[in-house]
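Visitor: First the structure, which I've put down as structure tokens, then a few questions once you've had a look.
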Amino acid sequence: MKEDYISPTELARKLGISRQAVIEKIHKGAIKAVKAGRQYIIDNKEAARVAKTSHVIEGDAKKMPKTDRSDKERILKIVREKDINTIQLWFVDILGILKCVSITRRDLEEALYHGKGFDGSSVTGFAEAQESDIIAMPDPATFQILPWEGTQSPVARLFCDILNPDRTPYAGDSRYALKRALERAKKLGFTYYIGPELEYFYFKSDKSPEILDEGTYFELIPSDIADVLRNKTVNTLENMGIPMEASHHEVAPSQHEIDLKYNEALMMADNIITARYCIKEVARANNVYATFMPKPIFGVNGSGMHVHQSLFRGNKNAFYDKGDKHHLSSTAKQFIAGQLKHSREICALTAQWVNSYKRLVAGYEAPVYASWAQRNRTALIRVPLYRPGNEKATRAELRCPDPSCNPYLAFSVMLAAGLEGIEKKYKAPEPVEPNIYKMEMSEREHRGLVALPGNLYQAIVETEKSGLAKEALGEHIFTRFLINKKKEWEDYRIQITSYEIKKYLPIL
């Protein structure tokens, strides 16, 4: 048998590609193989056929990202002129946690044209150990010098797309999932714009939620270190080409908000990752700790990431209709209806942690029921009131995401839900303006208001049966994200909390 068959590793060596690339082709049916226990083996005749023909490799080569030589040469020139010797290649794992591999100026040109190979088996949600070779391919459009690293030894960063060794997009790449969703919108004639509000807390350390101030909403406190930190962060982000809409103290003590000016969704997801890192880095440099934990303090408002959304056709806002009483087009209402219909299914992506559901409770300005309104801040989707002459600002603000989510995956399912509403012409319900928290249950039932999941487990169950989420994320991300979330829930479920000790130990 050994003489009649070869292993994927041996065939990969003959073809001059990686073992994972061979495995991928086996999965796609481009290479015929049989299972021998847990491993694949390939008949020698099949191996000869593959080696002899070139279409297996050349067909995938057509899918390689287009390279813009001028952009790459511009980056190389800047790196030489600024004497930058460290370049960080950024990407996120399946949970949205920032990952980085650093290279030197000497390796930059090779990385720009061919990518940087790495072992994906240790990255959450990426490759299995036996299929671990993947490539981080820098996106030249994301090149930026990191201002917090100083001018003595400047450091630059590039966001990366993750590729298979045969240069096709890697199915576990969150950025690729969002690109697919945006391509779907593009085919319908739309560009998806996002404007997020990032809420977060400053604490004295990461050991306990010890606040820095007792401030309230919009409060300006004399000699406030947090106000100084927030202003430093805004200036740093502006210097990186990430414009701000506003910043201010939020409702809870030591809670703050920075609003990023709206942009196309992929760039905005990159900007959110950058802003989260920048906020933490500026805080660290000043001996305090910034956290995006959704609900770090009991009894006060948690941190959300209200996401303002709009679809444009060219320069025209597809959400605006002058003749409608709400100034909303049918496209906008169908988009809203799609997100309301699928709100429970996508909640595990917009509020992805156990702690996220400590925020999504009544009484703290966070949504609990799937509804929309213009003035009502207890609604899931709020449409800010139209201001004459500001048609481009017409938007739908989704209020359930929190700032610790993976923005690439959250935006992917949010857009998928909205587009389905447009494609299937869903009808939006009437807006709900009364405070939903204060409604009798009978009135909520009469209005047909459906509650969001009450905890991460309920959200997982809803997502697991969602065809929309599975299609938007792809099989790889969908499956591995849910596996990770189930493990998180199980780890949480078996914990003994201080609440239980305090309540039950004295009486049971």
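Visitor: What distance in nm lies between label points placed 7 Å from Cα along the C-beta direction at residue 218 and residue 9?
Guide: 6.6
Visitor: What list do you get for 233, 142 if you sort them by fewest beta carbons within 10 Å?
Guide: The order, fewest Cβ neighbours first, is 142, 233.
Visitor: Also, I was wondering about something else. Here are some values of volume of the Cα convex hull per residue in Å³: [x] 193; [y] 137; [z] 171. Which one was computed from this structure?
Guide: [x]
Visitor: Once the piece of chain linking residue 246 and residue 492 is laid out straight, how much longer is it, given 0.36 nm per residue of separation minus the C-alpha distance between them?
Guide: Net length gain for the segment: 84.9 nm.
Visitor: Just name one of 360, 298, 165: the one whose Cα is farthest towards the positive end of the charge dipole of the chain (beta-carbon charges, Lys/Arg +1, Asp/Glu -1).
Guide: Of 360, 298, 165, it is 165.
Visitor: Pop a pseudo-label 7 angstrom from the Cα along the beta-carbon direction at both residue 78 and residue 286 and give the gap in nm to one decimal.
Guide: Taking the two extended label points, one gets 2.7 nm.
Visitor: How big is the Kirkwood radius of the stretch 69-170, worked out from every pair of different alpha carbons and given in Å to one decimal?
Guide: One over the average 1/r among Cα pairs gives 14.1 Å for the stretch 69-170.
Visitor: Between residue 235 and residue 324, what is the FRET efficiency for a Förster distance of 35 Å, r being their Cβ-Cβ separation, to the nearest 0.05?
Guide: FRET efficiency, residue 235 to residue 324: 0.30.
Visitor: Which residues does a label at residue 361 reach in the stretch 442-474, if reach means a backbone N under 20 Å from a point 7 Å past the Cα toward the Cβ?
Guide: Counting only backbone N, you get 451-460.
Visitor: Rounded to whole Å and sorted largest first, list the principal axis extents of the Cα atoms in the stretch 437-490.
Guide: Its Cα atoms span 42, 25, 13 Å along the three principal axes.
Visitor: Please give me, ordered by residue number, the GluC sites (Glu not before Pro) of the stretch 117-210 that lie in loop per DSSP and have at most 16 other Cβ atoms within 10 Å.
Guide: 128, 210
Bear in mind these aren't lab numbers, they're just calculated from the coordinates by the rules spelled out. All values derive from a computational prediction rather than experimental measurement. Glycine also receives a Cβ, built like all others from the backbone with ideal geometry; neighbour counts cover every protein chain displayed.
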